[in-house]
Amino acid sequence: MNSDPRVMVLIDADNVSANVLEQALIAVVERHGAAHVRRAYCTAESAVKHLALFKRLSVRPIVNVSTGKNSTDIALAVDAIDLAIAERPDVVVVVSSDSDFAPLVIRLREKGCRVEGIGQKGKTGEESTQVYDAFVDLEHRAKARSASTSAAPRAAAPGSAALKPAPKAATKRAGKSDRRTTPKPAEKPAKTAPPPDVQEILAAVPALRGGAWVELRTAAEPLRKAKLLGKTAASTKVFKKHVDFFELQPDKQPNRVRYTGPA
């Protein structure tokens, strides 16, 4: 009889970066031996953007077509309860830095699940970690390895030595000129338009479009007028849902934000 726990991983892909998502799944498999259910909840734009990553990690994207506030969080929570009843997992891992999942964590525990959380370092508040049976913060790596668009070679194991560059070709002698060809620079990937949620934020706070730093207290009022932020909610919540497009500083208690996506 197999004594290994049945593990379910539910990822708020609009809340953590693609790099943290990958680190989280690797950490779950290393800790529990497997991740039987792997689902990432995101917008259609995010699903297309991270399609290669989802395929490589065998993650099933659950696309949320609604653009309403917290709609992705609600979709994840509803699915989690359905899966807890149908699949009866031993361990549920929620990958998100959002504190809104506290009621879900409590309900899953009542269903007999051990509930663990994984967040992105610098985005997770203390109130988000205490409700879980265990919680880990992962550091976002800015220069994450990107998936190749061609036939992908087998990925190197974590910690393995980097590939050495090919040796330079020997120069020709015997009276012939020593001509060296300049390598053609790699083409930069085309920038895609930001998703509808991000466009709504930029429309509400036009000062963000140029990439300049904007005080969070300055951004809060127009966000509330545009009904993108609740009356008592912190403005950081809006930007933390789109970590690929906005940067918050400082990490622990951010007070300013800037737009880092395409113009």
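Assorted remarks:
- Every condition in (1) surrounded by 16 or more Cβ atoms within 10 Å (Cβ to Cβ); (2) out of contact with any helix residue (DSSP H, G or I) (no Cβ under 6 Å at 6 or more places or on another chain) is met by Gln120 except one, and the failing one is (2).
Listed here are the residues, each with its yes/no results for (1) of a type in the set (A, V, I, L, M); (2) in contact (Cβ under 8 Å) with a residue 12 or more places away in the chain; (3) under 20 Å from Thr72 (Cα atoms).
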residue	(1), (2), (3)
Ile201	yes, yes, yes
Ser235	no, yes, yes
Val238	yes, yes, yes
Val243	yes, yes, yes
Phe246	no, yes, yes
Pro250	no, no, no
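- Breaking point among (1) over 22 Å from the mean Cα position of the chain (by Cα); (2) modelled with pLDDT of 55 or more, for Lys240: (1)
- Any hit, the stretch 77-99, residues being at pLDDT 90 or above, surrounded by fewer than 16 Cβ atoms within 10 Å (Cβ to Cβ) and assigned to a loop (DSSP other than H, G, I, E, B): yes
- Restricting the stretch 32-76 to residues that are outside any helix (DSSP H, G or I) and among the basic types (Lys, Arg) leaves a set whose member that is nearest to Ser99 (Cα to Cα) is Lys69.
- Selection within the stretch 123-137 - surrounded by 19 or more Cβ atoms within 10 Å (Cβ to Cβ) and among the polar types (S, T, N, Q): Thr124, Ser128
- Only a single item in (1) surrounded by fewer than 22 Cβ atoms within 10 Å (Cβ to Cβ); (2) polar (S, T, N, Q); (3) over 20 Å from Glu247 (Cα atoms) is not met by Asn19, and it is number (3).
The values are calculated or read from the model by the stated rules, or taken from the named source; none is laboratory data. What you are looking at is a predicted structure, and each value in this text was computed from that prediction instead of being measured. Ideal geometry is used to build each Cβ from the backbone, glycine not excepted, and the neighbour counts take in all protein chains shown.
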